[in-house]
Each structure stands twice: as structure tokens, then as C-alpha cells.
Amino acid sequence: PFSRTLTYTNHWAVRINGGVEEADTIASKYGYNNLGQIGSLKDYYHFYHSRTMKRSTISSRGSHSFISMEPKVEWIQQQVVKRRIKR
Amino acid sequence: DFKPGAAQYPYFNDPKWPSMWYIHCNDDTHHCQSDMNIVGAWRRGYTGRNVVVTILDDGIERNHPDLQQNYDQMASFDVNGNDWDPMPRYDASNENKHGTRCAGEVAAVANNSHCTIGVAYNAKIGGVRMLDGDVTDMVEAKSLSLHPQHIDIYSASWGPDDDGKTVDGPASLARQAFENGIRMGRRGLGSIYVWASGNGGRSRDHCSCDGYTNSIYTISISSTAESGKKPWYLEECASTLATTYSSGESYDRKIITTDLRQRCTDSHTGTSASAPMAAGIIALALEANPNLSWRDVQHIIVRTSRSGHLNAPDWKTNAAGYRVSHLYGFGLMDAEAMVKEAERWKSVPPQHICVESPDKQSRTIRPEHVVRAVYKATGCSENLNHHVLYLEHIVVRVTIAHPRRGDLAIYLTSPSGTKSELLSNRLFDHSMEGFKSWEFMTTHSWGEKAVGDWVLEIHDSPSQLRNFKTPGKLKEFSLVLYGTSVHPYSSSYTPFDTPKVDRVRSSPVDEPSEGFQDEFTGSCDPECINGCDGLGPQHCIDCLHFFLKFKNNTRTCVPECPRGFYDDEKRRCKKCWSICENCVGSRSDQCISCKNGYHLNEETNVCVTNCPESFYLDKNGNTCRRCSENCRRCNGFQFCTDCKPGMSLQGTKCVFSCADGSYYNSQKRGCERCHFSCATCAGQGQESCTRCAPSFYMEDWRCVLSCSVGYFLDQPYENAEKTCRRCDPSCSTCIGHGERNCSTCPSGYNLEDGACVLGTVCKDATEESWAEGSFCVLVKKNSLCQRKVLQQLCCRTCSLKG
């Protein structure tokens with residue numbers, strides 16, 4: 001039997017409608033730092049939450065999770081570590 | 001044309017040049033089999049100039065002597081550290097050498113007497129540091145979508161574990177980054193992603209289980225040893241497109257490249273030596289024709305790669321005449337053939353995607369049995385926008401439940417009879433997860449026709465005792481056919497003049513160009529398909545490439561959309577926003593270049609008259625680019641002229657401003673206290689004061705309690721700050737500025753009226769205490785001053801009147 005345990009980080013990918021100012025406002029409202037747009041993906045932002053465990057086998061719960069209820073937040077995902085190997 | 005021969009080979013003074021067998025194959029002692037004709041491409045003048053390549057890895061040693069000159073800051077980023085410096089993290093084991101090694105293969109500088117030469121030695125090279133930390137979907141997406149309008153080629157030599165039991169691929173953000181890249185990167189031509197196919201040979205891994213190398217957006221590169229044999233690490237699969245050389249057995253020669261700590265190495269091995277080599281070759285082709293789209297590049301690779309001396313048990317010729325194998329794809333890349341093709345290449349017709357309706361009939365997979373499912377594909381012939389007649393990639397989306405995934409082998413046979421192995425047994429894969437909508441991909445039917453019966457076979461061969469009461473189940477599968485509705489090389493392509501020796505047409509009936517010619521009628525314009533009702537492109541029934549509609553409601557067929565128009569993917573040219581010159585959509589934020597007087601904002605894709613704050617105008621690309629972090633205004637990426645609040649300008653960089661009595665330490669990234677003698681300072685220590693603490697005085701660049709010897713305390717005006725200023729050079733000590741304010745003189749000088757004059761034995765005759773004084777009075781009284789010796793001895797007394 002093969003079981004896979006996910007490792008959750010304290011980084012989130014968020015899709016927010018309304019530009020960077022809106023993203024900044026929502027981030028600070030829920031205690032995140034907005035580290036900017038994710039590469040060239042429009043409306044996707046990199047949020048960081050310093051009061052969440054850097055690595056954890058359970059996904060983060062707390063008042064910051066209510067961010068997903070903001071009307072301008074279209075999608076949010078806590079980032080999971082992916083094992084990648086140099087070839 | 002270039003002909004092999006030692007006399008014609010160029011000479012480079014880089015010490016490892018003679019050992020670079022994979023670039024020049026002129027060494028008789030080693031019995032060269034075949035090379036990749038890289039020198040041939042160089043001799044045609046292509047060295048990668050104006051092409052930008054980035055290596056997605058663990059960083060790049062940007063100050064390596066072989067990389068420094070070609071290093072491109074705009075093609076680099078540190079995703080792990082979230083800053084612009086991709087320098088690797090150094091440790092005792094040199095763990096982070098991988099990116100620097102890959103970079104050298106692409107663009108090590110030629111003729112600089114150092115180490116090695118890159119395949120595209122004039123290409124710009126960058127590096128993204130993204131593997132030296134937690135890799136997440138977001139980290140991958142950031143890396144894959146870095147500056148897609150600036151970077152041409154992304155080279156990645158990593159992936160999910162090649163342990164023979166992992167099935168993993170790009171998640172939603174990385175997938176989106178790939179899709180955006182091929183759709184909008186390179187101003188709509190599509191970013192080129194080159195991928196190392198996998199190093200799981202010993203673990204019996206299969207690269208179909210790696211969703212990155214298995215993607216249609218990546219050019220999956222495998223390796224061959226010098227001898228043409230399969231290297232020990234090589235995985236096989238149907239998604240591999242082509243091959244370059246890498247290391248093999250101990251008797252095979254090695255690949256040489258740049259190494260960490262400004263060194264050189266011949267230890268770089270595996271498919272990660274091969275992928276950047278392919279990226280370099282593609283850079284040569286892009287220099288030959290910068291208008292190649294991402295699909296043009298794949299077509300050119302398919303057409304020019306050669307099976308040559310490569311040793312594989314499964315070489316076969318598909319129905320379009322291409323030799324292909326699961327080990328090497330279409331074979332060894334040929335740089336010279338690629339640049340020749342690129343020079344005359346015209347873009348292939350738009351890609352059509354035909355998603356055949358899924359077969360949802362559940363089928364039981366019994367041990368030691370084969371499940372065979374036949375699917376009648378139409379190639380979406382009823383839908384003009386999705387019709388696929390000539391194939392490129394074929395994806396099979398499969399959902400299977402199975403008690404032991406590693407026991408499965410999957411095959412797909414095309415209507416023309418080409419059989420691809422989509423998956424072979426994996427000894428170490430004990431997973432019970434099966435496959436959930438996993439996409440297997442094959443390139444082996446490239447150029448064949450799509451319509452007809454496709455056969456999917458699933459073999460279950462138990463490698464160990466299993467509970468046979470729970471057999472596997474094929475729950476659903478569907479075919480996604482990628483290709484074109486017309487022949488890709490029809491009217492636009494001038495065929496290659498010398499046919500490849502290893503191209504064998506299986507049957508003249510299947511010759512694609514013949515099939516294509518049947519579809520044309522006599523005197524219609526070449527831009528027409530399905531006939532016409534008059535001469536000229538405005539009388540076509542249907543267009544080969546694009547429709548262009550005029551205001552008066554007439555329309556014409558055009559080979560490409562003119563300036564100010566974009567292709568809406570239904571092959572219609574639609575108008576861009578009024579101030580866009582080129583665009584990918586009709587909205588104001590879908591511009592890719594702007595009309596005169598406007599500049600493109602690279603982040604919003606909007607045309608603006610003036611660059612906004614924190615952006616500068618890059619005149620070459622007529623683009624507003626973002627200044628480096630912390631700049632409010634700048635003249636270039638790292639040339640700040642004004643800083644954001646809380647920062648101050650030091651030279652051309654903005655650094656954090658600290659409170660009085662402290663300074664910004666850039667290494668520790670924080671403010672630190674100045675020396676106690678400073679009120680303000682620029683750095684650590686007494687000598688970095690910019691103003692002094694109370695009761696201290698500034699003396700040169702340090703603050704002192706009292707002025708040193710040779711300095712005097714100066715206060716230029718009332719209430720001004722007192723400083724220690726250096727005395728006149730003629731004084732030892734002084735009471736003020738200038739040569740007349742000396743208070744003591746250096747030895748050999750005499751103080752006369754505050755000035756130091758060259759001392760002789762002559763002393764002031766007026767100083768009665770000195771014996772010489774009364775002597776001189778006597779000299780003068782006796783009129784002996786005329787005598788030269790006495791005049792010198794009593795100079796002052798003698799010169800006084802009276």
C-alpha cells in the first residue's frame with residue numbers, strides 16, 4: 001500500500017479580481033503579506049502568512065481562512081510541497 | 001555547404017575545445033560516427049545572437065568567466081529568495097551546481113581562453129533559482145512564466161522522481177503558465193520549453209509518468225552515448241521528440257561544461273546534459289528565423305532529426321515517413337539541417353484540437369489478459385475549427401482503477417498502423433491509485449492522418465502475487481488529436497532540397513503532399529481551400545489561413561493577419577484596440593506592440609503615452625519595463641534615480657533609510673548602530689561617519705575628540721559645525737588655514753612670521769638670546785655682509801636696512 005502525505009507551506013496562491021491594490025487590501029485584512037503577482041499570471045497573487053507553520057501535514061485553519069469568503073477572491077490554494085529531482 | 005574535414009574546422013583557444021567531440025567530430029583516433037552538425041550551423045553564421053535562453057534550476061553562477069559576458073539579468077530571477085539575484089547557494093558539497101552546468105552547455109563564451117564553448121555561444125543566458133527550496137505549483141508557475149516576452153527558450157532538467165513509482169505532473173498554475181507561454185509568449189509565437197526526458201533507466205521508470213516531459217508544450221529530449229548506445233540512465237517513452245549526446249559507459253567520452261566556483265567539469269551527465277544542448281541548437285534555429293512559432297520548432301525538429309547510428313531495437317517508420325523510436329524520438333538533432341530549414345520556413349497552419357467524445361464503457365482488466373478498445377475517430381471533420389486531418393501530438397486521457405499500477409502496459413495503434421507504447425510495466429510501482437484522467441502522449445504518428453480506427457490495448461502482467469478478486473477496470477478513455485486541417489507544408493513551405501537519407505516512405509499512397517495536392521482546384525488563389533468562384537484571394541470559398549473582412553463587408557484570404565489585427569483562433573483576423581500595433585485580442589490590455597507615440601506596459605499589456613511610476617522606457621522594445629525593486633523612478637532596470645518612501649539612493653541603487661545614528665547593512669538586511677563617535681554614518685566603523693556626535697569633530701572621514709597633529713579646529717562662520725582641517729602642507733602644526741598660520745615647522749624649516757621657510761644656519765639676528773645674533777650685528781657693523789659666506793650666515797641681519 002502506498003500512502004502519500006502532503007506537506008502544506010505557509011504560502012498561498014490567490015486569484016483576486018480588481019488589481020494589485022485590491023489584493024493588498026485583502027491580504028492585509030487577513031494578516032497575509034502580498035508578495036506580488038505570480039509570474040505573468042494575471043490576477044494571481046502570491047500571499048505569505050508569517051503566523052502559519054512553515055511546513056505542516058495538515059492544511060492551515062484559522063481566521064485567515066475566511067479570506068476565501070471575500071467576494072473578490074475567486075480562488076485560493078495553500079501551496080503544497082512537490083518533490084522535484086534534478087536530472 | 002560545409003563538408004567535414006579537419007582543415008575546415010574552426011579553432012578556439014578555450015582549453016577544452018579539442019575534447020568537445022559532440023560539437024566537432026574531426027578526430028580520426030576516436031572513429032567518429034556522426035555529430036550534431038553544430039559547427040555547420042556556426043559556419044552559416046548562427047551562434048545564437050539575439051536569442052535569450054533561461055535555465056530553470058538551482059541558480060546560475062553569473063560571474064563565471066564563461067557565462068559573465070552572455071549573462072542576461074532580465075532572463076534571471078531567484079524564486080527561492082524572491083529577489084533578482086539567481087547566484088547559487090554555496091555549500092561544501094556543491095549541491096547547487098546543476099544550473100550553472102546546464103547554462104554552460106547553452107552559452108559558454110567562445111575564444112576567451114577559459115574552459116569550454118556553448119552550443120549557442122552568443123546567446124543570452126539567464127538562470128532561475130527555483131529548486132533550492134520548497135518547490136510548489138506556484139514556484140513552478142513563476143519560473144515557467146518569467147518574462148515571456150523577453151525569454152525565448154526555457155530549459156528545464158528536472159521533474160518528478162524517476163524512481164519508477166511516481167506519477168506526477170504540472171498542477172493548475174504550472175499548467176496555466178505553460179498554456180499562457182505557448183499562446184502569448186514571444187509576442188504570440190509561443191515560448192519554447194525544452195525538457196530533460198528522465199533519468200530512471202535503472203528504476204525501470206517510464207517518462208509517460210512525468211507530466212512535464214509528457215506535455216505537448218515541452219520538447220522532450222533524451223540522450224545517446226557517443227557510441228550510439230542507450231545510456232544506463234535513459235527512460236523510454238512515446239513522448240520523446242529528439243535526442244542529443246550525453247555521457248554513457250566509462251569508455252565513452254564525456255560532456256564538458258562550466259562548473260560551480262568558476263571551474264570546468266566533464267562530470268555533467270544524464271538527460272540534463274542533453275536538454276540544454278537541445279536548447280542551444282534551437283537557439284541557433286531561432287537566430288536563423290526569429291519568426292518560428294513553438295510548433296514550427298517542433299516540426300523542424302521532427303523533419304531534421306536523424307536515426308543515424310543510434311542503436312534501438314524499435315526503430316520504425318511511421319505512415320508519414322518519419323523514423324521514430326521510444327528511446328530517441330525522431331533521432332539525433334542536426335543543427336545545420338535545422339538552421340537550413342529555419343531559413344526558408346514559413347509558419348505551419350494554425351493548430352486544431354479535436355477532442356473526440358470519450359468512450360465511457362467500463363471494461364474489466366484481467367491478469368494475463370489484454371483489453372482492446374477500438375475508437376473510430378472522425379478528426380472532428382464536421383467542425384471546421386477543430387478539424388484535424390494531419391496529426392501532430394496525440395493525447396490519450398485514461399481513467400483506470402487497478403490494484404497494482406506497475407503491472408500495466410498500455411499501447412495505442414493509429415489508423416495507419418503505427419504502434420506507440422504509452423506505458424510499460426514498472427517493477428517498483430505498487431500504487432493502488434491507478435490513473436485518474438492521466439494524459440499519455442505520443443509523437444509517433446506525427447504527420448499521419450487522424451481519421452480511422454484507433455486501438456487502445458491494456459496489458460496486465462502481474463509481477464507478484466495479487467488478489468485476483470479485485471481486477472482492474474478501464475473506466476474511461478478519450479482521444480485528443482492535435483494537428484492541422486490542411487497539410488502543414490502545403491503552399492507555404494519550400495521543400496528541403498536534399499532528402500534525409502533515413503527517411504523511408506512506407507507507401508507512396510500515404511505521401512502527405514500528394515494527398516494535399518488533391519484538395520486544390522485549378523486556378524484558385526493559393527490562399528483558397530475548397531475551391532473559389534473567381535481569381536484572387538477575395539473569391540475563395542474557404543481560406544487556407546485567415547479571413548480578413550473589410551468595412552464594405554467584402555472579405556479576402558490572407559496568409560497572416562496584417563498589422564493591427566489578430567487571429568481569433570477561428571481563423572478570422574479581428575481588429576486590435578485602436579492604439580495597439582499588434583495584439584492577441586481586441587481589449588486594450590491585450591496589446592503586444594503599440595503604434596507610434598505609445599509604449600507597451602509589459603505587465604498590463606496596455607499601450608500608454610508615458611511610462612508609469614516604477615517603470616522605465618526600454619527604447620529597443622518600445623516597452624515600459626519595471627524598475628528594479630525599491631526604485632520609484634529609474635533610467636534602466638538597475639539604474640534608480642528616485643527611491644520609494646523609506647529608501648534612499650546610494651549610487652544607482654535604493655537602500656533602506658535608517659534612523660540617525662544607524663546605517664543599513666545590506667548583508668544582514670537591517671539597520672545597525674553607527675560608531676559612538678558618529679551622529680550619522682554610511683557604514684560600520686569610525687571612518688564611515690557622515691556627521692559627528694556632540695563634542696566630536698570631523699577629521700577627514702572620522703570623528704575625533706581633538707584635532708590630530710597637522711590639523712586645526714576650524715569654524716567657517718558663527719554656529720557652523722567645527723571640523724578639523726588639515727594644516728598647510730608647509731606647517732607641522734598650525735592655528736588656521738594657509739601657509740602664514742603655521743605654529744611649528746617641520747625639521748629643517750624655520751618659522752618666520754607664521755610661515756615655515758627653508759632653514760639655514762642663519763638665525764634671526766634680532767633674537768638676542770642667540771649667540772649668532774650678536775655675531776651678525778658685528779658682521780653688519782663691520783660691513784662684512786658683502787662677503788658671500790657671511791651674508792649667507794647672517795642673511796636676515798644683512799638684509800635689514802639701517
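Using the 2.2 N^0.38 Å rule of thumb for compact globular proteins, work out how region A:1-43 stacks up: its C-alpha Rg over that value, please.
1.54
Report the equivalent ellipsoid semi-axes for chain B in whole Å, largest first, defined as the square roots of five times the eigenvalues of the gyration tensor built from alpha carbon atoms.
Semi-axis lengths for chain B are 74, 31, 28 Å.
Normalised by the number of residues in region B:89-134, what is the relative contact order in percent for Cα pairs under 8 Å and 6+ residues apart?
31
Let's see if you can work this out: charge +1 on each Lys and Arg Cβ, -1 on each Asp and Glu Cβ, no other charges. What is the dipole magnitude of the protein assembly as shown about its Cα centre, in debye to the nearest 20?
Here the protein assembly as shown has a charge dipole of around 980 debye.
Kindly provide the pair-distance distribution of chain A built from C-alpha pairs, with 5 Å bins from 0 and whole-percent values in order of increasing distance.
Computed distribution, short to long bins: 3, 14, 25, 23, 16, 10, 5, 3, 1, 0.
So which trypsin sites (Lys or Arg not before Pro) in region B:246-342 are both in a DSSP loop and have at most 13 other Cβ atoms within 10 Å of their Cβ?
When the trypsin sites (Lys or Arg not before Pro) of region B:246-342 are filtered for loop state and at most 13 Cβ neighbours within 10 Å, B:ARG261 remain.
Report, please, the projected area of region B:600-682 averaged over directions, based on the convex hull of its C-alpha atoms, in nm².
The orientation-averaged projected area of the Cα hull of region B:600-682 comes to 6.2 nm².
List the lysines whose Cα sits under 24 Å from the Cα of B:LYS229, skipping any in the same chain fewer than 8 residues away.
Cross-link targets: A:LYS86, B:LYS254, B:LYS316, B:LYS419, B:LYS500.
Take the Cβ-Cβ distance between B:ASP266 and B:LEU617 as r, set R0 to 60 Å, and report the resulting FRET efficiency rounded to the nearest 0.05.
Computed FRET efficiency for B:ASP266 and B:LEU617: 0.85.
For the protein assembly as shown, count all C-alpha to C-alpha pairs, find those more than 42 Å apart, and express that count as a whole percent of the total.
47
Give the value in nm², to one decimal: projected area of the alpha carbon convex hull of region B:156-283, averaged over all directions.
Directional mean of the projected Cα hull area for region B:156-283 stands at 8.7 nm².
Calculate the dipole size of region B:560-657 relative to its Cα centre from +1 charges on Lys and Arg beta carbons and -1 charges on Asp and Glu beta carbons; express the result in debye to the nearest 20.
160
With +1 on each Lys and Arg Cβ and -1 on each Asp and Glu Cβ, how big is the dipole of chain B about its Cα centre, in debye rounded to the nearest 20?
About 1000 debye.
Under 20 Å between alpha carbons: how many lysine pairs meet that in region B:528-656, if sequence neighbours fewer than 8 apart on the same chain are excluded?
Lysine pair count for region B:528-656: 10.
Between B:ASN50 and B:GLN791, what is the label-to-label distance in nm when each label sits 7 Å out along the Cα-to-Cβ direction?
The answer from the label model is 8.3 nm.
Determine the sum of side-chain charges near A:ARG15: Lys and Arg each +1, Asp and Glu each -1, restricted to other residues whose C-beta is under 12 angstrom from that of A:ARG15.
-2
Per DSSP H run of n ≥ 4, the term is -39500 (n - 2.57); total these for chain B, divide by its residue number, and report the mean residue ellipticity at 222 nm rounded to 500 deg cm²/dmol.
-3500 deg cm²/dmol
Could you pull out the trypsin sites (Lys or Arg not before Pro) across region B:51-134 that fall in loop regions by DSSP (anything but H, G, I, E, B) with no more than 16 other Cβ atoms inside 10 Å?
Loop-located and lightly packed - B:ARG89.
On alpha-carbon atoms, Rg over Rh for region B:101-233 using Kirkwood Rh?
Answer for region B:101-233: 0.99.
Would you mind checking the tilt of helix A:19-29 against the longest principal axis of the Cα atoms of chain A, expressed as 0 to 90 degrees and rounded to 10?
So the inclination is approximately 70 degrees.
Ranked highest first by average number of other Cβ atoms within 10 Å, how do B:594-607, B:171-184, B:542-555, B:658-671 line up?
Per-residue Cβ counts within 10 Å, averaged per peptide and sorted highest first, yield B:171-184, B:594-607, B:542-555, B:658-671.
Based on DSSP, what percent of beta bridges with both residues in chain B are antiparallel, to the nearest 5?
Here the antiparallel bridges make up roughly 75 percent for chain B.
At 1.306 mPa s and 10 °C, plugging the Kirkwood radius over alpha-carbon pairs of region B:306-379 into Stokes-Einstein gives what diffusion coefficient in µm²/s?
For these conditions, the coefficient is 94 µm²/s.
Can you give the % of DSSP beta bridges in region B:596-751 that are antiparallel, to the nearest 5?
Counting only bridges with both partners in region B:596-751, antiparallel ones make up about 90 percent.
What Kirkwood radius, in Å to one decimal, follows from the Cα pairs of region B:128-186?
Mean inverse Cα-Cα distance, inverted, gives 12.4 Å.
Which order do peptides B:679-692, B:35-48 fall in by mean Cβ count within 10 Å, highest first?
Peptide ranking by packing, descending: B:35-48, B:679-692.
Each reported figure results from applying straightforward, stated rules to the coordinates on display, with no laboratory input. No experiment lies behind these values; they were computed from the predicted model shown. Glycine also receives a Cβ, built like all others from the backbone with ideal geometry; neighbour counts cover every protein chain displayed.
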